[in-house]
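None of the figures in this text is laboratory data; all of them are computed from the coordinates on show. Because the structure is a prediction, the values reported are computed rather than measured. No Cβ is skipped: glycine too gets one built from the backbone with ideal geometry, and neighbour counts run over all protein chains shown.
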Amino acid sequence: MFLGLAIATLMITVLTTQAVFAQNLKLPAASSTQVLTQDLGISKITLTYSRPNVKGRTIFGGLEPYGQVWRTGANSATTLTFTGDVSIDGKAIPAGTYALFTIPNKNEWTIILNKGAKQWGAYEYNQNDDVLRFTVKPQQTKNKVETFTISFPEVSATEAKLNIAWENTSVTFPIQVNQDAEIMASIDQAMQGEKKPYLAAAQYYFNNNKDLDQALAWADEAVKANPELPYSYYWKAQIQLKKGDKEGAKATATLGKQAAEKAKSEEYIRLNNQVIEKAK
């Protein structure tokens, strides 16, 4: 622990000294920094990490030894910031910023979320600050990943899959949210105001298998409020189709197509036509 602190202090001192003597020096970073912000439901995830390159080296089991805690990137520890509560590996994680550490092994990786988000590397890593530990199975990538990459390759309203890939190794785990109660309460509250979000509420009910009768009533109000908007007809027709009312859906989509033609909206001409075809 004390050795790690000494190494981290020394590195910070060296970097600070270099900065003082080279304030006008412009050089590219050896490992570039990337910041990603990903929406997840009604909250956000912000990922901050540095991206080293393979450069012909053996990475896992070589540059990054198996069985040791890794900063999961380069430079400062990789961090994840959640603006709302999430769930990872079945455990509730409160909103906040966490360091993302990993322990790579050939057949199993340990994923770690740790409270020590503000640190260089993993030199000050303290297991007592872990908020979560779980294991995942690594996969071999078809193509070599030269630059270390963390991404969100699949995202839905309730789940974002986080993927870590470098060299020929890839690991993935889901980050989940359960915000339905909060969203439903928000809809109820918004419906008490003067400007009622009829279409947005109808879309949420449609997409999340809620009360379709209520969704249809709201969609109908959206159409009445703005009869020139083709997308209101489209969503009303979608709801009617989901309820099994093919004739009603066809009639509504036809009106939506006419509104789209008048508005010269190629997108909603196409989408309303798709509903008409489905309703046949």
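With R₀ set to 30 Å, the beta-carbon distance separating Asn209 from Phe134 gives a calculated FRET efficiency near 0.50.
Taken along the Cα-to-beta-carbon direction at a fixed 7 Å, the label points for Asp188 and Lys91 span 3.3 nm. To the nearest 10 degrees, how steeply does helix 212-225 sit against the main Cα axis of the chain, on a 0 to 90 scale? Orientation of helix 212-225: about 70 degrees from the principal axis. For the chain, the longest piece that avoids every one of the GluC sites (Glu not before Pro) found in DSSP loops with at most 15 other C-beta atoms within 10 Å covers 1-107.
Under the rule a/c < 1.5 gives rounded, and otherwise a/b versus b/c splits prolate from oblate, where does the chain land using the Cα gyration tensor? Intermediate results must be reported in sequence, preceding the final value.
Details: a/c = 2.57, a/b = 2.42, b/c = 1.06.
Cα axes put the chain in the prolate bin.
In this simple spin-label approximation, Gln274 and Thr110 carry label points 7 Å from Cα along the Cα→Cβ vector, and these lie 4.7 nm apart.
Using the crude model of +1 on Lys and Arg Cβ and -1 on Asp and Glu Cβ, and no other charge, please compute the dipole size for segment 180-278 relative to its Cα centre, in debye to 20.
Working: 14 positive and 15 negative charges, 75 e Å.
Roughly 360 debye for segment 180-278.
In a simple Cβ point-charge model (Lys, Arg +1; Asp, Glu -1; nothing else charged), segment 93-249 has a dipole of about 420 debye relative to its Cα centre.
Take every pair of alpha-carbon atoms less than 8 Å apart whose residues are at least six positions apart; their mean separation over the length of segment 26-176 yields a relative contact order of 20 percent. From the Cα gyration tensor of segment 26-176, with a ≥ b ≥ c the square roots of its eigenvalues, which class applies: rounded if a/c is under 1.5, or else prolate if a/b is larger than b/c, or else oblate? Taking the square roots of the gyration eigenvalues as a ≥ b ≥ c, segment 26-176 is rounded. Most exposed first by the Cβ proxy, i.e. fewest other Cβ within 10 Å, how do Leu36, Leu27, Leu255 rank? Ranked by crowding around the Cβ, least crowded first: Leu27, Leu36, Leu255. Potential lengthening of the chain between Thr81 and Leu63 amounts to 3.7 nm, from the contour at 0.36 nm per residue minus the alpha-carbon distance. Our analysis of segment 180-278 gives Rg over Rh at 0.99, with the two radii drawn from alpha carbon positions and Rh computed by the Kirkwood formula.
Assuming 0.36 nm per residue, please report the length gained on full extension of the stretch Ala263 to Lys161 beyond their Cα-Cα distance. Stretched out fully, the Ala263 to Lys161 stretch lengthens by 32.9 nm.
Looking at Leu199, Phe148, Phe82, which one has the Cα that reaches farthest to the positive end of the dipole of the chain (charges on Cβ: Lys, Arg +1; Asp, Glu -1)? Farthest towards the positive end: Phe148.
Grab the DSSP H runs of the chain that are 4 residues or longer, score each as -39,500 (n - 2.57), total them, divide by all residues and round the 222 nm result to the nearest 500 deg cm²/dmol. Working shown, then result.
On the way: 7 runs with 100 residues, N = 280.
It comes out at -11500 deg cm²/dmol, rounded to the nearest 500.
Here the dipole of the chain is about 760 debye; that uses its Cα centre as origin and unit charges on the Cβ of Lys and Arg (positive) and Asp and Glu (negative).
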